[in-house]
Amino acid sequence: TAMNFGTKSFQPRPPDKGSFPLDHLGECKSFKEKFMKCLYDNHFENALCRNESKEYLECRMERKLMLQEPLEKLGFGDLIGGKSEAKK
Amino acid sequence: MGGLWHPGWRPVAFCGWRCIHPGSPARAAERVELFLRPEWSGTGGAEKGLRWLGTWKHCSLPARHPALQPPRRPKSSDPFTRAHVEEWRQRNKTTLTYVAAVAVAMLGASYAAVPLYRLYCQTTGLGGSAVAGHASDQIENMVPVKDRIIKISFNADVHASLQWNFRPQQTEIYVVPGETALAFYRAKNPTDKPVIGISTYNVVPFEAGQYFNKIQCFCFEEQRLNPQEEVDMPVFFYIDPEFAEDPRMINVDLITLSYTFFEAKEGHTLPVPGYN
């Protein structure tokens with residue numbers, strides 16, 4: 001590997017909460033399909049499909065495929081409890 | 001007495017004016033003044049004056065008459081004092097050399113500091129982590145920057161020795177900084193044997209990579225696929241809201257996330273790019 005003086009090399013960082021366990025049994029596949037369909041319909045705009053992604057993660061948490069986390073910590077604070085954050 | 005002086009005085013005055021050293025009217029005035037001093041009077045005064053009269057024809061070069069020189073510091077012929085003066089001069093020279101060297105060194109250090117600091121950040125990894133904090137409370141409180149839409153495109157690669165079919169399930173996704181997003185990859189093991197893979201990722205452009213934060217993904221851990229198994233691999237990430245405030249990112253509208261899978265064998269250290 002070339003160690004060029006002065007040029008930065010990319011340092012991959014491990015994810016904050018670790019790795020997703022593989023969904024071998026496809027338990028959350030339906031949620032994923034819903035999310036993908038939403039993305040296709042909305043021209044891949046993530047902002048419009050956040051409900052579906054929230055549901056997918058909730059599915060994972062229920063089936064122990066993901067550590068339980070309050071949804072606010074996952075950035076879904078504005079979708080739960082009717083809390084409206086700055087959406088300008 | 002006074003009468004004798006008269007004729008002597010006038011030519012002397014001339015002498016004073018004739019012998020003027022170009023550009024030294026002060027000297028001339030001094031010379032004239034000297035003749036007015038009491039030493040010149042007296043019994044020998046006339047002779048001295050006449051002798052001086054004779055010299056005024058020959059005063060070609062500016063008078064180096066010793067008595068005419070402005071009083072100078074007596075150049076001591078005493079060797080002891082001279083040595084002192086020499087020593088002082090030597091010491092001054094040495095000090096000056098040292099001071100000049102320090103000044104040049106400081107200038108050089110200020111130039112060298114830029115690449116050295118960069119190298120330091122590279123090796124200690126502080127360059128990446130110091131910029132954006134990854135605390136989960138940051139995710140909680142971050143506000144999406146709605147007017148800055150970024151396109152994230154996805155790329156998938158496998159190492160030549162790994163026979164998985166690995167591809168993204170969407171070619172691109174449009175996000176804004178501060179908004180968490182989900183994306184999927186799919187991997188299939190077409191062989192008849194379970195295969196364990198491990199992946200790493202890369203973000204292009206490099207400078208944007210420091211704002212790309214993964215909350216959870218499938219990288220850096222061994223993932224086992226059974227024969228003929230196909231799984232969905234999600235990536236949950238967000239772009240740091242500070243991305244919108246970085247002036248270097250002003251033209252960045254496309255970020256490419258690229259995952260590469262390698263085969264993980266027992267006791268095998270991976271040639272994972274980016275690790276040294």
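The values are calculated or read from the model by the stated rules, or taken from the named source; none is laboratory data. Worth saying up front: this structure is predicted, and the values here are computed from it rather than measured. Cβ atoms come from the backbone with ideal geometry, glycine included; neighbour counts cover every protein chain shown.
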Subject >> Residue list for segment B:226-236, filter: within 11 Å of chain A (Cβ to nearest Cβ) and either small (Gly, Ala, Ser) or surrounded by fewer than 23 Cβ atoms within 10 Å (Cβ to Cβ) (or both) >> reply: B:ASN226, B:GLU229, B:GLU230, B:VAL231, B:ASP232
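State the number of residues belonging to segment B:153-204 that are of a type in the set (Val, Ile, Thr), touching a residue at least 60 places away in the same chain (Cβ under 8 Å) and more than 28 Å from B:PRO227 (Cβ to Cβ). Reasoning before the result, please.
Within segment B:153-204, the subset of a type in the set (Val, Ile, Thr) is B:158, B:171, B:173, B:175-176, B:180, B:191, B:195-196, B:198, B:200, B:203-204.
Keeping just the survivors that are touching a residue at least 60 places away in the same chain (Cβ under 8 Å) gives B:158, B:175-176, B:195-196, B:198, B:200.
Narrowing further to those that are more than 28 Å from B:PRO227 (Cβ to Cβ): B:175-176.
Matching residues across segment B:153-204 total 2.
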Subject >> Condition met for B:GLN210 (touching a Phe, Trp or Tyr at 6+ places or on another chain (Cβ under 8 Å) and surrounded by 15 or more Cβ atoms within 10 Å (Cβ to Cβ)) >> reply: no
**OP:** With the checklist (1) touching a residue at least 40 places away in the same chain (Cβ under 8 Å); (2) under 28 Å from A:LYS37 (Cα atoms) in hand, flag the one item B:PHE243 doesn't pass.
**Re:** (2)
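If you check B:ALA208 against the conditions, is it modelled with pLDDT of 90 or more and either within 11 Å of another protein chain (Cβ to nearest Cβ) or touching a strand residue (DSSP E or B) at 6+ places or on another chain (Cβ under 9 Å) (or both)?
Working: modelled with pLDDT of 90 or more: no; either within 11 Å of another protein chain (Cβ to nearest Cβ) or touching a strand residue (DSSP E or B) at 6+ places or on another chain (Cβ under 9 Å) (or both): yes.
Answer is no for this residue.
It is to be established whether one or more residues within segment B:182-198 are hydroxyl-bearing (Ser, Thr, Tyr), more than 41 Å from the chain's Cα centre (by Cα) and outside any loop (DSSP other than H, G, I, E, B).
Applying the first criterion (hydroxyl-bearing (Ser, Thr, Tyr)) to segment B:182-198 yields B:185, B:191.
Next, only the ones that are more than 41 Å from the chain's Cα centre (by Cα) stay: B:185, B:191.
Narrowing the set further to residues that are outside any loop (DSSP other than H, G, I, E, B) leaves B:185.
Checking segment B:182-198: at least one residue is hydroxyl-bearing (Ser, Thr, Tyr), more than 41 Å from the chain's Cα centre (by Cα) and outside any loop (DSSP other than H, G, I, E, B).
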